[in-house]
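K.L.:
My structure is below; once you've seen it, I'll send some questions.
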């Protein structure tokens, strides 16, 4: 009801949104209510964003913002530990590929 009252008002002080302004101008352009209702639905559909348009940034992202965001994109070397049996370098919490031991037990037969 409030929307209909604002749309019917012709004074520019009462425009609260672009949609209301577009509907008032469409109502002034079309005389019959049936044409107005069709135009109102078309304008509402277009202004709701359901026409397949994407979000577009208002400003360019600065170099400092971009670089600070990408500062955490650093690749790290995988962690390494030594096998307690053969003292070879291995990945932690995995079976040793050289001797087949894991947690002081032989899990895989490597012979």
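Taken together, the values in this text are just the output of simple stated rules run on the coordinates, not laboratory data. In this text, all values refer to a predicted model and were calculated from it rather than measured experimentally. When we count neighbours, we look across all protein chains shown, and the Cβ atoms used for this are built from the backbone with ideal geometry, even at glycine.
K.L.:
Within a 10 angstrom radius of the beta carbon, how do 99, 86 rank from fewest other beta carbons to most? Please list the in-between numbers first.
P.N.:
Working: 99 17, 86 12.
Fewest to most other Cβ atoms nearby, the residues stand as 86, 99.
K.L.:
First measure r as the distance between the Cβ atoms of residue 109 and residue 80, then evaluate 1/(1 + (r/R0)^6) with R0 = 30 Å and state the FRET efficiency to the nearest 0.05. If you can, show how the numbers build up before the last one.
P.N.:
Working: r = 24 Å, r/R0 = 0.80.
For R0 = 30 Å, the calculated efficiency reads 0.80.
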